[in-house]
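Peer 1: Sharing a structure below in structure tokens format, with a few things to ask.
The values are calculated or read from the model by the stated rules, or taken from the named source; none is laboratory data. Everything numeric here is computed off the predicted structure, so don't read it as measured data. Heads up, the Cβs are rebuilt from the backbone with ideal geometry, glycines too, and the neighbour counts pull from every protein chain shown.
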Amino acid sequence: MLPNEHGRINVSIQRMSEIYNGRQYIIRIVFMIAALFLIGKTMHLQIFDQSIKDRARTSAIQKKVLYPSRGLIYDRHGELMIYNDPIYDLMVTYNQLDPDMDTSYLCEILDIEKDQFIENIEKNWKSPRYSKAVPFIFQKKIPTETYAKLQESLYEYPGFSIQLRVIRGYPDTIGAHLLGYISEVNRKQIDNNKDIYALGDYIGSTGLEGTYEEYLRGKKGMEYLLKDNLGRVVGPYLEGALDSMAVSGKNLITGIDQELQRYAESLMQNKLGSIVAIEPATGEILAMVSAPTYNPNLLVVNNKRGKIYQEMQSDSLKPLYNRTVLAKYPPGSLFKPIVGLIGMQEEVWNANQGFGCGGSYLNVNHYMGCHQHEHPRNMQVALQHSCNSYFLALFREIIDKEGYHNPREGLDRFNAYLEAFGLGNPLGMDFNGEKHGNLPTSALYDRMYPNGRWRSPTIISVGIGQGEIELTTPQMANLAAILANRGYYFRPHIVKEFENDTTQIDLKYRTPITIPIDPIHYDPIVDGMERVVSMGTAYKAYTPGITVCGKTGTAENPHGKDHSIFYGFAPKEQPQIAIAVYLENAGFGGTFAAPIASLMIEKYIKGEINPNRKYLEQQMMDADLISVP
């Protein structure tokens with residue numbers, strides 16, 4: 001080999017060695033990067049990725065929810081109105097099932113077919129809602145008798161277990177609208193309260209159940225159970241160190257007198273309308289009835305509930321519709337005492353002022369009718385006979401105080417008083433869904449009569465509770481409470497306290513609200529209301545031994561027979577009860593509303609009906625104001 005060739009070979013070998021060493025270095029770097037990546041990924045999975053922890057924990061630990069007892073509801077005398085009933089959900093853990101077990105008897109107990117059994121078992125296992133190692137509901141709302149049969153045979157069916165829940169029960173058939181019902185939560189409710197509700201939970205939907213859901217529901221507990229590799233429970237996890245007990249809901253004591261509520265509902269059979277009774281000294285609601293009503297036991301949580309609910313929803317009489325808080329009515333002549341108070345306060349009228357009434361009131365070019373009665377020589381006599389002419393004239397004086405051509409200022413001032421009486425807005429009761437009624441404003445009439453072409457004669461019917469004004473029954477009952485108290489009220493409320501608990505009802509229910517009317521003006525109004533019952537339009541409400549003060553109303557109904565209305569309170573001094581009764585399509589206020597109110601007053605104050613008035617009680621109970629045209 002030539003010398004120069006030998007040199008070239010050495011150079012080639014050296015170069016190859018350099019290339020090899022470079023590649024080796026690159027390979028080492030690649031392996032190091034890969035190793036670092038794997039280490040980082042492992043750290044991420046084991047330390048930072050919570051989902052991996054959750055999966056591991058799910059496969060090893062079972063979380064069992066402990067459901068609390070829902071708070072009970074009592075009346076003012078401690079009588080139970082709502083209690084808890086046990087109901088059972090049949091749970092199943094898929095990977096614990098015995099594929100060879102005979103399920104025919106289980107299907108027989110549950111009253112389902114084989115196809116239904118398979119459908120209940122098979123789930124979308126790709127969905128995060130289900131896991132083969134975690135129990136899920138196989139069948140819910142199992143009645144007690146079915147549960148008893150299951151208990152005897154459940155050991156034959158591995159993978160199946162029972163989960164106890166509580167639903168509502170009612171010892172009586174009364175108070176459906178008042179108490180309300182519970183329903184299964186929907187997706188929106190779950191999304192809005194993720195830490196509170198889950199699929200299958202129950203929530204208060206209507207009535208007190210809905211309004212006081214936060215207090216009644218209680219707080220769930222949790223039990224952690226350790227599972228083996230087959231998903232079988234082998235004992236408590238960490239010896240129960242992480243477990244928490246369920247906390248029962250708070251028990252409510254209401255102001256409701258259950259006996260009075262029962263009596264009111266019996267009087268309202270076969271009638272449309274509502275009754276609200278209030279204790280004037282506290283604002284506590286004694287009875288609240290919407291008619292027609294239904295047996296609350298019909299809507300307890302069971303497998304028949306959906307069908308029954310649909311039937312009631314399609315009923316033309318609307319038994320699910322709560323007229324006490326949702327219906328808005330013209331108050332009719334119940335409005336006259338309030339007009340009288342405002343007129344005296346505004347100094348456009350005085351209690352001893354009379355007005356000539358010849359049986360009608362001439363308003364521009366037409367006559368507005370009135371009853372045939374003695375001369376309304378003062379406010380008391382005008383109320384006694386419910387003189388339309390007297391209060392139409394009084395109303396016009398209020399509206400025209402700043403001049404005939406400036407009615408807006410008069411109406412605005414008039415409405416300011418009405419708002420102080422709790423009208424035109426919800427009263428703020430502890431009851432969801434309360435409507436506000438309607439106060440006709442200057443803005444409304446400006447829209448109704450363009451270019452400001454309205455004056456006091458245009459809106460004069462408002463002065464006797466007709467036209468555009470509308471109130472709810474609780475607002476009417478609250479007006480009676482204001483008159484009973486001679487100028488103040490406590491916001492009407494149903495719950496008076498929480499049993500054995502330091503929690504107090506909202507301060508707003510314990511704070512009196514004063515009406516900006518001089519107390520001296522109430523005396524002639526109350527005296528007139530006493531005359532209404534003793535010798536006036538509500539003579540049927542006269543109750544021996546009890547001085548009842550009240551006012552009848554007959555509200556015009558463009559769609560049929562007039563509405564029968566009454567509100568009042570008793571006794572005259574130190575009143576114990578204020579009440580409003582509104583009967584749709586029942587005619588004159590003294591025919592039905594006044595007698596029903598007087599019977600309730602007597603029942604509450606004396607505990608029984610005078611034998612001489614038993615005939616009246618029977619008449620009211622037997623009266624069918626729905627079937628008769």
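Peer 1: Residues that are out of contact with any helix residue (DSSP H, G or I) (no Cβ under 9 Å at 6 or more places or on another chain) and among the aliphatic types (A, V, I, L, M): does segment 194-215 have at least one?
Peer 2: Looking through segment 194-215, none of the residues is out of contact with any helix residue (DSSP H, G or I) (no Cβ under 9 Å at 6 or more places or on another chain) and among the aliphatic types (A, V, I, L, M).
Peer 1: Where the second residue is among the aliphatic types (A, V, I, L, M) and surrounded by fewer than 19 Cβ atoms within 10 Å (Cβ to Cβ) and the first is more than 12 Å from residue 166 (Cβ to Cβ) and lies in segment 66-82, which pairs have Cβ atoms under 8 Å and are six or more apart or on separate chains?
Peer 2: Partner pairs satisfying both residue conditions: 73/80; 74/80.
Peer 1: Continuing with the same structure: In this structure, is residue 510 of a type in the set (D, E, K, R), over 23 Å from residue 373 (Cβ atoms) and modelled with pLDDT of 95 or more? Talk me through it step by step, then tell me what you get.
Peer 2: Values: of a type in the set (D, E, K, R): yes; over 23 Å from residue 373 (Cβ atoms): yes; modelled with pLDDT of 95 or more: yes.
In short, yes.
Peer 1: Could you count how many residues in segment 434-445 are surrounded by 14 or more Cβ atoms within 10 Å (Cβ to Cβ) and either in contact with a Ser or Thr (Cβ under 9 Å, 6 or more places away or on another chain) or without any contact (Cβ under 8 Å) to a residue 12 or more places away in the chain (or both)? Write out each step before concluding.
Peer 2: Applying the first criterion (surrounded by 14 or more Cβ atoms within 10 Å (Cβ to Cβ)) to segment 434-445 yields 434-442, 444-445.
Still in the running and either in contact with a Ser or Thr (Cβ under 9 Å, 6 or more places away or on another chain) or without any contact (Cβ under 8 Å) to a residue 12 or more places away in the chain (or both): 434-437, 445.
Number satisfying all stated conditions: 5.
Peer 1: Would segment 85-101 turn up any residue that is touching a residue at least 24 places away in the same chain (Cβ under 8 Å), surrounded by fewer than 17 Cβ atoms within 10 Å (Cβ to Cβ) and closer than 30 Å to residue 287 by Cβ? Full working, then the answer.
Peer 2: Residues of segment 85-101 touching a residue at least 24 places away in the same chain (Cβ under 8 Å): 85-98, 101.
Narrowing the set further to residues that are surrounded by fewer than 17 Cβ atoms within 10 Å (Cβ to Cβ) leaves 85-86, 95, 97-98, 101.
Restricting the remaining residues to those that are closer than 30 Å to residue 287 by Cβ gives 85.
Yes; the residues of segment 85-101 include at least one that is touching a residue at least 24 places away in the same chain (Cβ under 8 Å), surrounded by fewer than 17 Cβ atoms within 10 Å (Cβ to Cβ) and closer than 30 Å to residue 287 by Cβ.
Peer 1: A further question follows. Any idea how many residues of segment 568-624 are of a type in the set (S, T, N, Q) and more than 22 Å from residue 386 (Cα to Cα)? If you could, list the steps in order and put the result at the bottom.
Peer 2: Step one: of segment 568-624, the residues of a type in the set (S, T, N, Q) are 574, 576, 585, 591, 598, 610, 612, 618-619.
Narrowing further to those that are more than 22 Å from residue 386 (Cα to Cα): 574, 576, 610, 612, 618-619.
Summing the residues that are of a type in the set (S, T, N, Q) and more than 22 Å from residue 386 (Cα to Cα) in segment 568-624 gives 6.
Peer 1: Being in a strand (DSSP E or B), aliphatic (A, V, I, L, M) and without any contact (Cβ under 8 Å) to a residue 40 or more places away in the chain is the filter here; which residues of segment 177-223 pass it? Even if it seems obvious, please write down each step before you answer.
Peer 2: Start the filter on segment 177-223 by keeping residues that are in a strand (DSSP E or B), which leaves 182-184, 202-204, 219, 221-223.
The next check asks that each one be aliphatic (A, V, I, L, M); those that pass are 182, 203, 222.
203, the sole residue that qualifies.
Peer 1: Among the numbered criteria (1) surrounded by fewer than 16 Cβ atoms within 10 Å (Cβ to Cβ); (2) of a type outside the set (Asp, Glu); (3) modelled with pLDDT of 95 or more; (4) under 26 Å from residue 439 (Cα atoms), which single criterion is violated by residue 337?
Peer 2: Tallying (1) surrounded by fewer than 16 Cβ atoms within 10 Å (Cβ to Cβ); (2) of a type outside the set (Asp, Glu); (3) modelled with pLDDT of 95 or more; (4) under 26 Å from residue 439 (Cα atoms), residue 337 fails exactly one: (1).
Peer 1: While we're here: Just one of (1) at pLDDT 85 or above; (2) surrounded by 11 or more Cβ atoms within 10 Å (Cβ to Cβ); (3) out of contact with any Cys (no Cβ under 6 Å at 6 or more places or on another chain) trips up residue 134, so point out which.
Peer 2: Of the numbered conditions (1) at pLDDT 85 or above; (2) surrounded by 11 or more Cβ atoms within 10 Å (Cβ to Cβ); (3) out of contact with any Cys (no Cβ under 6 Å at 6 or more places or on another chain), the odd one out for residue 134 is (1).
Peer 1: In this structure, is residue 270 more than 20 Å from residue 594 (Cα to Cα), surrounded by fewer than 22 Cβ atoms within 10 Å (Cβ to Cβ) and either over 22 Å from the mean Cα position of the chain (by Cα) or not assigned by TED's automatic domain parsing to the domain that holds residue 203 (or both)? Even if it seems obvious, please write down each step before you answer.
Peer 2: Working: more than 20 Å from residue 594 (Cα to Cα): no; surrounded by fewer than 22 Cβ atoms within 10 Å (Cβ to Cβ): yes; either over 22 Å from the mean Cα position of the chain (by Cα) or not assigned by TED's automatic domain parsing to the domain that holds residue 203 (or both): yes.
No; evaluated as a whole, the condition is false for this residue.
Peer 1: Return yes or no: is residue 594 in contact with a helix residue (DSSP H, G or I) (Cβ under 7 Å, 6 or more places away or on another chain), under 16 Å from residue 484 (Cα atoms) and aliphatic (A, V, I, L, M)?
Peer 2: Working: in contact with a helix residue (DSSP H, G or I) (Cβ under 7 Å, 6 or more places away or on another chain): yes; under 16 Å from residue 484 (Cα atoms): no; aliphatic (A, V, I, L, M): yes.
When the stated conditions are applied, residue 594 does not pass them.
Peer 1: Out of segment 88-111, which residues are aliphatic (A, V, I, L, M), assigned to a loop (DSSP other than H, G, I, E, B) and in contact with a strand residue (DSSP E or B) (Cβ under 9 Å, 6 or more places away or on another chain)? Give the derivation first.
Peer 2: The initial filter retains those residues of segment 88-111 that are aliphatic (A, V, I, L, M), namely 90-92, 97, 101, 106, 109-110.
Going one step further and asking which of them are assigned to a loop (DSSP other than H, G, I, E, B), we end up with 97, 101.
Correct list: 97 only.
Peer 1: Could you say which residue among 482, 565, 517, 579 is in a helix (DSSP H, G or I) and in contact with a Gly (Cβ under 9 Å, 6 or more places away or on another chain)?
Peer 2: Numbers: 565 fails: in a helix (DSSP H, G or I); 517 fails: in a helix (DSSP H, G or I); 579 fails: in a helix (DSSP H, G or I).
Of 482, 565, 517, 579, the one residue that is in a helix (DSSP H, G or I) and in contact with a Gly (Cβ under 9 Å, 6 or more places away or on another chain) is 482.
Peer 1: Let me ask another. Tally time: how many residues in segment 599-616 are touching a residue at least 40 places away in the same chain (Cβ under 8 Å) and either farther than 17 Å from residue 286 by Cβ or touching a Phe, Trp or Tyr at 6+ places or on another chain (Cβ under 7 Å) (or both)?
Peer 2: 6
Peer 1: Let me ask something else about it. For segment 364-377, indicate whether the set of residues that are crowded, with 18+ Cβ neighbours inside 10 Å and among the aliphatic types (A, V, I, L, M) is non-empty.
Peer 2: No, segment 364-377 contains no residue that is crowded, with 18+ Cβ neighbours inside 10 Å and among the aliphatic types (A, V, I, L, M).
Peer 1: Still on this structure: Taking segment 244-290 on its own, how many of its residues are within 20 Å of residue 626 (Cβ to Cβ) and in a loop (DSSP other than H, G, I, E, B)?
Peer 2: The number of residues fulfilling the criteria is 5.
Peer 1: Then there's this: I'd like to know if segment 416-430 contains one or more residues that are farther than 30 Å from residue 178 by Cβ and more than 22 Å from the chain's Cα centre (by Cα). Quick ask: steps written out before the conclusion?
Peer 2: Of segment 416-430, the ones farther than 30 Å from residue 178 by Cβ are 416-417.
Those left that are additionally more than 22 Å from the chain's Cα centre (by Cα): 416-417.
The answer is yes, given that some residue of segment 416-430 is farther than 30 Å from residue 178 by Cβ and more than 22 Å from the chain's Cα centre (by Cα).
Peer 1: Looking at 514, 503, which one is touching a residue at least 12 places away in the same chain (Cβ under 8 Å), over 24 Å from residue 253 (Cα atoms) and assigned by TED's automatic domain parsing to the domain that holds residue 571?
Peer 2: Details: 503 fails: over 24 Å from residue 253 (Cα atoms).
Only one candidate passes the filter, namely 514.
Peer 1: Oh, and also: Confirm whether residue 153 is touching a Leu at 6+ places or on another chain (Cβ under 8 Å), touching a residue at least 24 places away in the same chain (Cβ under 8 Å) and either within 30 Å of residue 75 (Cβ to Cβ) or outside any helix (DSSP H, G or I) (or both).
Peer 2: When the stated conditions are applied, residue 153 does not pass them.
Per-residue answers, yes or no, for (1) surrounded by 15 or more Cβ atoms within 10 Å (Cβ to Cβ); (2) touching a strand residue (DSSP E or B) at 6+ places or on another chain (Cβ under 7 Å); (3) β-branched (Val, Ile, Thr); (4) outside the structural domain of residue 92 (by TED's automatic domain parsing):
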| residue | (1), (2), (3), (4) |
| --- | --- |
| 172 | yes, no, no, no |
| 191 | no, no, no, no |
| 213 | yes, yes, no, no |
| 217 | yes, no, no, no |
| 227 | yes, yes, no, no |
| 237 | yes, yes, no, no |
| 241 | no, no, no, no |
| 246 | yes, yes, no, no |
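This table checks each residue for (1) within 16 Å of the chain's Cα centre (by Cα); (2) among the polar types (S, T, N, Q); (3) exposed (fewer than 15 other Cβ atoms within 10 Å of the Cβ); (4) under 30 Å from residue 139 (Cα atoms).
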site: 307; (1), (2), (3), (4): no, no, yes, yes
site: 314; (1), (2), (3), (4): no, yes, yes, yes
site: 327; (1), (2), (3), (4): yes, no, no, no
site: 333; (1), (2), (3), (4): no, yes, no, no
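Peer 1: Could you tell me which of the residues 496, 551, 508 is closer than 19 Å to residue 330 by Cα and either among the charged types (D, E, K, R) or outside the structural domain of residue 341 (by TED's automatic domain parsing) (or both)? Lay out the reasoning, then the answer.
Peer 2: Numbers: 496 fails: closer than 19 Å to residue 330 by Cα; 508 fails: closer than 19 Å to residue 330 by Cα.
Residue meeting the stated conditions: 551.
Peer 1: Identify the single condition in (1) surrounded by 17 or more Cβ atoms within 10 Å (Cβ to Cβ); (2) modelled with pLDDT of 95 or more that residue 357 does not satisfy, given that it satisfies every other one.
Peer 2: (2)
Peer 1: When residue 256 is evaluated against the numbered criteria (1) over 28 Å from residue 475 (Cα atoms); (2) under 22 Å from the mean Cα position of the chain (by Cα); (3) hydrophobic (A, V, I, L, M, F, W, C), which criterion, by number, is the only one it fails?
Peer 2: (1)
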